[in-house]
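Visitor: Structure incoming, see below.
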Amino acid sequence: MPAHADIGVELLPAAPLLLHAPPLRRTDSNSPLLRRGGRTLAFVSHYLPRGHTYRRTGENALWPGGALDPVKLIDDPTPEVGKWIQSVWRAPEGRLFGWYHAEEVVPCAKPLFLPHIGALRSEDEGKTWRTVGEVLRVPHAKADCSYQNGFLTGGYGDFCVVPDRAAKWFYLHYSSYVPEERVQGVSVLRYPVSEREHPAAQELWRDGRWQPKVGRQDGTPIFGVRRGWRHRDPAAWWGPAVHYNHHLDCFVMMLNWTEDGDGDIVQRGVFVSFNDDLANPAGWSAPQRIVEGGSWYPQAIGLGPDDGDTLAGAEARFFMSGYSAWTIRFRRGGTRPHVAPLAISRQTFAELFGIAPW
């Protein structure tokens with residue numbers, strides 16, 4: 001039996017729920033959510049007028065219900081560059097560490113973007129942040145205006161960060177949009193949790209082993225592309241969201257799939273993959289489709305008092321673009337039952353929420 005073939009996944013209807021609030025139409029990235037002591041802390045991001053993140057809290061509630069408060073990067077060296085906080089981790093002493101996706105504007109015939117990834121820290125529960133350092137970046141001079149996907153000119157972004165079970169390493173699963181198609185797709189980088197104040201000693205998964213990120217920035221994709229990001233209609237995996245599932249005792253990755261677009265990175269489905277050990281990127285199972293269509297940025301967020309976007313159990317809420325009207329259930333045992341992917345269209349969103357997020 002193939003690895004993880006005994007894991008079943010099912011999406012079921014649930015009462016509509018939003019991570020964001022008006023005036024945001026949707027969230028525009030993975031949304032970190034942490035719980036501690038009955039308090040929920042969430043970060044949601046938007047792209048207008050440029051990329052920025054809001055903080056939202058909830059008291060004695062699983063979900064945030066408070067107002068959206070913009071976070072502040074108090075030592076931002078490039079405030080003109082949009083930045084989305086896409087992952088947050090709480091250290092044992094309580095300090096928050098975060099990672100952002102940034103997009104430099106590239107003056108092509110139509111303004112496009114060159115994304116990169118950096119790290120942050122916060123001493124006040126995410127109200128303000130200081131930069132720690134860059135993690136992955138392509139020089140601005142390597143932006144490629146021949147790209148036709150409608151958004152990107154190369155670079156790295158649309159990622160998630162989760163520590164291993166021993167909290168020894170951070171694993172950053174990211175989307176690679178660089179020109180060489182052989183290294184496009186979803187790849188992974190790691191560095192020691194002990195280096196969180198200075199994200200050095202980085203290693204890339206490359207050619208079947210971990211190698212220091214010295215000189216070369218590109219790793220070997222876990223999930224690659226069939227048609228690259230240079231085209232109007234890429235066929236590619238992107239935007240991973242990883243959590244540890246304490247019911248399954250393994251890690252779960254949600255993935256976007258785009259295909260047959262027209263300069264719009266159209267969403268064709270959401271897939272799920274499983275892995276027992278983050279140190280073995282070759283251990284991810286073949287992606288299984290759970291949604292036909294849908295929207296960008298799928299996430300499973302746990303329902304326990306200490307769960308969140310990186311920790312969940314047998315049942316969680318399933319979000320896309322900050323919207324949820326579904327519970328996701330995981331189960332292990334026997335042969336994986338066949339569950340038809342749930343079709344989620346623009347009309348489905350409009351009927352459930354009165355608006356489509358795209």
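Visitor: At 0.36 nm per residue, and after removing the present C-alpha to C-alpha distance, how many nm does the segment from ALA200 to ARG95 gain when stretched out fully? Kindly include the intermediate steps, with their values, before the conclusion.
Guide: Working: separation 105, 0.36 × 105 = 37.80 nm, distance 1.90 nm.
Additional length available on full extension: 35.9 nm.
Visitor: Report the antiparallel proportion of the DSSP beta bridges in the chain as a percent, rounded to a multiple of 5.
Guide: Given both bridge residues lie in the chain, the antiparallel proportion sits at roughly 95 percent.
Visitor: Tell me the net charge near LYS72. Cut-off is 14 Å between Cβ atoms, LYS72 excluded, with +1 for each Lys or Arg and -1 for each Asp or Glu.
Guide: -1
Visitor: Beyond 13 Å, what percent of the Cα pairs of segment 235-282 remain? Numbers along the way, then the final one.
Guide: Values: 673 of 1128 pairs.
The answer is 60 percent, as a whole percent.
Visitor: List the residues, sorted by chain then number, that are 5 or more residues from GLY261 or on another chain and whose placed amide H is less than 5 Å from its amide H.
Guide: Result for GLY261 returns VAL266.
Visitor: Considering all alpha-carbon pairs of segment 1-87, what whole percent are spaced by more than 18 angstrom?
Guide: Distances greater than 18 Å cover 54 percent of the Cα pairs.
Visitor: Charges only on Cβ, +1 for Lys and Arg, -1 for Asp and Glu: so what's the dipole of the chain about the Cα centre, in debye to the nearest 20?
Guide: Once rounded to the nearest 20, the dipole reads 60 debye.
Visitor: Once you put a point 7 Å from the Cα of ARG346 and another 7 Å from the Cα of ARG209, both along the Cβ direction, what distance in nm separates them?
Guide: Each label point is offset 7 Å from its Cα along the Cβ direction, giving 5.0 nm.
Visitor: Which one, (i) 98, 60, 41; (ii) 50, 44, 43; (iii) 96, 58, 34, gives Cα extents along the principal axes in Å as derived from the coordinates shown?
Guide: (ii)
Visitor: OK, next. With no solvent and one point on each alpha carbon, what is the Debye value of log10 I(q)/I(0) for segment 12-161 at q = 0.09, 0.14, 0.16 Å⁻¹?
Guide: -0.30, -0.70, -0.88
Visitor: Follow-up. Run the simple label-point estimate for THR57 and ASP76 please: 7 Å along Cα→C-beta, distance reported in nm.
Guide: Placing both labels 7 Å along Cα→Cβ, they lie 2.2 nm apart.
Visitor: Can you tell me how much longer the chain between ASP164 and ALA279 gets when fully stretched, taken as 0.36 nm per residue apart minus their C-alpha distance, in nm with one decimal?
Guide: Result: 40.6 nm gained on full extension.
Visitor: Next question. Residues in segment 152-183 near a label at CYS108, defined as backbone nitrogen under 12 Å from the 7 Å Cα→Cβ point?
Guide: 152-155, 178-179
Visitor: Right, next: Taking 22 Å as the cut-off for C-alpha to C-alpha distance, list the pairs among LYS83/LYS127; LYS72/LYS213; LYS83/LYS110; LYS110/LYS142 that go past it.
Guide: Numbers: LYS83/LYS127 15 Å; LYS72/LYS213 30 Å; LYS83/LYS110 20 Å; LYS110/LYS142 17 Å.
Too far apart for the 22 Å limit: LYS72/LYS213.
Visitor: Based on the Kirkwood radius over alpha-carbon pairs, what is the Stokes-Einstein translational diffusion coefficient of segment 239-358 at 25 °C with 0.890 mPa s viscosity, in µm²/s?
Guide: D, rounded to a whole number, is 164 µm²/s.
Visitor: Taking the inverse of the average 1/r across all pairs of different Cα atoms in segment 29-77, what Kirkwood radius in Å do you get?
Guide: 11.6 Å
Visitor: Between LYS142 and ALA14, what length in nm is gained on full extension when 0.36 nm per residue of separation is reduced by their alpha carbon distance? Kindly include the intermediate steps, with their values, before the conclusion.
Guide: Values: separation 128, 0.36 × 128 = 46.08 nm, distance 4.53 nm.
So the chain would gain 41.5 nm between LYS142 and ALA14.
Readers should treat all values here as calculations from the given coordinates under stated rules, not as data from a laboratory. Bear in mind the structure is a predicted one, so any value in this text is a computation, not a measurement. Using ideal geometry, Cβ is built from the backbone for each residue, glycine included, and neighbour counts are taken over all protein chains shown.
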